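The block underneath contains the structure these notes are about, expressed in structure tokens.
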Amino acid sequence: MTWPGSARSAVALAFDLDGPTGDALLSGAIWDRPAYFSLGGYGPWRGLDRILRLLAERAVPATFFVPAWVVEHWPLQCRRIVEAGYEVGHHGYRHEKYWDLSLSRQRAVIERSQEIFERELGCAAVGFRTPSGDWRPETPDLLSAMGFSYSSSMRGDDRPYVHPSGLVEIPARSEMDDYASFAYTRNPDWPSGGSRIASYRATLDTWIRDFDGYHAEGLCLTTIFHPKVIGTPGRAALLERWIDHMTDAGGVWFATCGDVARWWRR
Amino acid sequence: MTIAWPHGYSAAVVITVAFEAELAILAVAPDAVDRAKSLSVGTYGATRGVPRLLAELARRGTPSTWFVPSALLERYPEQVRAVRDAGHELANCGVALEDFGALDDAGQLTVVQRAQEAFRHRLGVVPAGFRVGRGEMSPRLPGALQAAGFAWSSSLHGDDRPHFHAAPAGRLVEIPRHHQLDDLPYFAFNLDPPIPAGSPRIAPTGDVLDNWITEFGAYRAEGLCFVLTLHPELIATPGRIGMLAQFLDHVHAQDVWLATAGEVATFWGEHGSANSPDHPVEVFHRTIDSTTV
């Protein structure tokens, strides 16, 4: 694998700006749960700004996968992502699970969301990340037909590859999902078994070891970070230390997922 | 926007205590009512936890706000009087850790008012603040709380500084809290019935101290309002009380305003900025008004 500028490895930081979207919004149950809504709202309201400041200070690019409902309800905040030069990608309208949707419903969600992106942000998404991971077997063909150039939805590799439809895949790993370490909600409970919020220092150590391994093997690392989870004051400080570790390592090509897809296609 | 905290302090720190005793177990496992071992997990909070925690708070003169279900005013009157007499703030969280999500609007308000009456009658105290005991409060409860004379609530998670509730509760101050700054998600444990449900390992005490110190450092650097939630049966054990002492020593060494939730709410009511229309509470109420019934 070769990366631009003879870089040793690629890092495509990616954030899912879910806000309060997801099952409770899809069912309407969230309108009886102001506290659960507030937990999600923290992402676009506070977490995002903290992450944008950090990325600007460190001059590191990133991709934000944003449900279009969040763009509709926090348009100013979402415009700041684009104005700062970062990429926005598709992540459903209200974080629909594509595995549950017929192809015609998938098409409708994408069309509605792309219209909102173009109206509010001035650009349509070329990248796609499935909310909650799974899709229908026919989805990659649909995505290619609808003009997407890449997906970042799968977990089965540590470098990009190409789906039969021609769609580039930039796979992520669950170790690099901040939900696995830090997310914690009540009503509904997540994790369902009440597992602990992980140690910050142990999680940073894990992420450093993961990066070191990707870098040593010359791979492509991307993240499934959520501003409502990683964007608390203390966790943003961890993210800062992790970015500094990667920068100090030298020879890393920091890129958006879109940049990685374009490079891989060539 | 930077907050100009009183006396030029960099940030605010609010220590809140959830004194729940046996009710914490009963809220999760009602059939534990005749299971002495499981109940004793909570009893310990009253008999050993409260005195040990009060002593630690007294050591450095740390102010705090205690949420006490009013049923405990009858069950543990000495402990509650000791909290009051030490100058800590007492606040309303219902009668017996009711699941607010299972009550209608009138039922929620009735529970709040019964608890308020018990505080007035038994302690001569009128709490100005409220935190939902278990479950979710109704979107209409903040308006009812304001109408009933409450000044503040501490139930939401959408910010890391105080804010106002949305109209018609626009004068009610919210002191938002976060799960990672609460001892319960790290330390709560009962073997059978299993609490938490998946029987995860108890978190290492030193790791939790590190989490709190990391968050506190960043809250202070950004000038925010750090709200910690403690349960006497969890934090006031012989081993963990030393961790709390380390944490409080660290906090007292910084230029931060240690205050009760009520003091922070008074400050915010007088000096706080109005909510941005993009604040989660404003987005919630604007959207619920336009999408439901």
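Entry remark, the stretch A:145-178: residues being farther than 24 Å from A:Glu111 by Cβ and crowded, with 17+ Cβ neighbours inside 10 Å number 8 in total.
On inspection, B:Gly149 passes the criterion of being surrounded by fewer than 22 Cβ atoms within 10 Å (Cβ to Cβ) and not aromatic (Phe, Trp, Tyr). You will find that of A:Arg262, A:Arg266, the residue that is out of contact with any helix residue (DSSP H, G or I) (no Cβ under 7 Å at 6 or more places or on another chain) and modelled with pLDDT under 95 is A:Arg266 and no other. Tell me, yes or no, whether the stretch A:7-19 has at least one residue that is more than 14 Å from every other protein chain (Cβ to nearest Cβ) and at positive phi. Among the residues of the stretch A:7-19, not one is more than 14 Å from every other protein chain (Cβ to nearest Cβ) and at positive phi, which makes the answer no. Of the helices (runs of 4 or more DSSP H) entirely within the stretch B:185-293, those holding at least 3 residues that are in contact with a helix residue (DSSP H, G or I) (Cβ under 6 Å, 6 or more places away or on another chain) and of a type in the set (Val, Ile, Thr) occupy B:205-222.
The condition of being part of a helix (DSSP H, G or I) and touching a Phe, Trp or Tyr at 6+ places or on another chain (Cβ under 7 Å) holds for only one of A:Ser104, A:Ser113, that being A:Ser113.
Are any of the residues in the stretch B:187-197 buried (at least 21 other Cβ atoms within 10 Å of the Cβ), more than 14 Å from every other protein chain (Cβ to nearest Cβ) and under 29 Å from A:Arg33 (Cα atoms)? No.
In the stretch B:91-105, is there at least one residue being within 17 Å of A:Asp32 (Cα to Cα) and away from chain A (no Cβ under 12 Å)? The answer is yes; a qualifying residue exists. For the stretch A:23-47, a residue qualifies if it is among the small types (Gly, Ala, Ser), more than 7 Å from chain B (Cβ to nearest Cβ) and surrounded by 24 or more Cβ atoms within 10 Å (Cβ to Cβ), and the qualifying residues are A:Gly40, A:Gly43, A:Gly47. As a summary of the residue check, A:Thr130 satisfies the conditions (1) assigned to a loop (DSSP other than H, G, I, E, B); (2) touching a residue at least 40 places away in the same chain (Cβ under 8 Å) except for the one numbered (2).
List the helices (runs of 4 or more DSSP H) inside the stretch A:167-266, counting only whole elements, that have at least 3 residues being more than 19 Å from the chain's Cα centre (by Cα) and either free of Cβ contacts under 8 Å to residues at least 60 places away in the same chain or within 11 Å of chain B (Cβ to nearest Cβ) (or both). Give the derivation first.
Numbers: elements: A:178-181, A:200-217, A:227-230, A:233-249, A:257-265.
Filter on the stretch A:167-266 gives A:200-217, A:233-249.
Inspect the stretch B:277-292 for any residue being on the phi > 0 side of the Ramachandran plot and not acidic (Asp, Glu) and give the result as yes or no. No. For the stretch A:84-115, residues that are over 18 Å from the mean Cα position of the chain (by Cα) and over 16 Å from A:Pro140 (Cα atoms) total 2.
Number of residues in the stretch A:33-65 that are in contact with a helix residue (DSSP H, G or I) (Cβ under 9 Å, 6 or more places away or on another chain) and under 21 Å from B:Ser290 (Cβ atoms) equals 9. Within the stretch B:204-225, residues that are at the interface with chain A (Cβ under 7 Å from one of its Cβ atoms) reach no partner that is surrounded by fewer than 22 Cβ atoms within 10 Å (Cβ to Cβ) and modelled with pLDDT under 95 with beta carbons closer than 6 Å at six or more positions or on different chains. Taken as a whole, the condition of being within 21 Å of B:Val41 (Cβ to Cβ) and either within 14 Å of chain A (Cβ to nearest Cβ) or surrounded by 14 or more Cβ atoms within 10 Å (Cβ to Cβ) (or both) applies to B:Thr237.
Does A:Trp69 meet the test of being touching a residue at least 40 places away in the same chain (Cβ under 8 Å), in contact with a Ser or Thr (Cβ under 6 Å, 6 or more places away or on another chain) and among the hydrophobic types (A, V, I, L, M, F, W, C)? Criteria met by A:Trp69.
Any residue at all in the stretch B:30-41 that is part of a helix (DSSP H, G or I) and surrounded by 23 or more Cβ atoms within 10 Å (Cβ to Cβ)? No, the stretch B:30-41 contains no residue that is part of a helix (DSSP H, G or I) and surrounded by 23 or more Cβ atoms within 10 Å (Cβ to Cβ). For A:Tyr200, state whether it is under 17 Å from A:Val11 (Cα atoms) and crowded, with 19+ Cβ neighbours inside 10 Å. It is false that A:Tyr200 is under 17 Å from A:Val11 (Cα atoms) and crowded, with 19+ Cβ neighbours inside 10 Å. Pairs are defined by a Cβ separation below 6 Å, a sequence spacing of at least 6 or placement on different chains, a first member in the stretch A:105-123 that is under 14 Å from A:Val71 (Cα atoms), and a second member that is of a type in the set (Val, Ile, Thr) and surrounded by fewer than 20 Cβ atoms within 10 Å (Cβ to Cβ); the pairs so defined are A:Leu121/A:Val82. The set of residues in the stretch A:1-44 that are closer than 21 Å to A:Gly213 by Cβ and hydroxyl-bearing (Ser, Thr, Tyr) comprises A:Thr2, A:Ser6, A:Ser9. Among residues belonging to the stretch B:258-284 that are of a type outside the set (S, T, N, Q) and surrounded by fewer than 19 Cβ atoms within 10 Å (Cβ to Cβ), point out the one that is nearest to A:Ile30 (Cα to Cα). If we take residues in the stretch B:258-284 being of a type outside the set (S, T, N, Q) and surrounded by fewer than 19 Cβ atoms within 10 Å (Cβ to Cβ), then B:Asp278 is nearest to A:Ile30 (Cα to Cα). Checking each residue in the stretch A:72-92 for being surrounded by 22 or more Cβ atoms within 10 Å (Cβ to Cβ), more than 14 Å from chain B (Cβ to nearest Cβ) and in contact with a Pro (Cβ under 9 Å, 6 or more places away or on another chain) picks out A:Glu87, A:His90, A:His91, A:Gly92.
Examine the stretch A:52-71 for a residue that is surrounded by fewer than 24 Cβ atoms within 10 Å (Cβ to Cβ) and facing another protein chain (nearest Cβ under 9 Å), and state whether such a residue exists. Checked against the condition, which is being surrounded by fewer than 24 Cβ atoms within 10 Å (Cβ to Cβ) and facing another protein chain (nearest Cβ under 9 Å), the stretch A:52-71 yields no hits at all. Being within 13 Å of another protein chain (Cβ to nearest Cβ), farther than 30 Å from A:Ser181 by Cα and not polar (S, T, N, Q) narrows it down to one residue among B:His121, B:His157, B:His165, B:His179; which is it? Testing whether each residue is within 13 Å of another protein chain (Cβ to nearest Cβ), farther than 30 Å from A:Ser181 by Cα and not polar (S, T, N, Q) leaves just B:His165.
The values are calculated or read from the model by the stated rules, or taken from the named source; none is laboratory data. Since the structure is predicted, the reported quantities are computational estimates derived from the model, not experimental observations. Cβ sites come from the backbone with ideal geometry, for glycine too, and all protein chains shown count toward neighbours.
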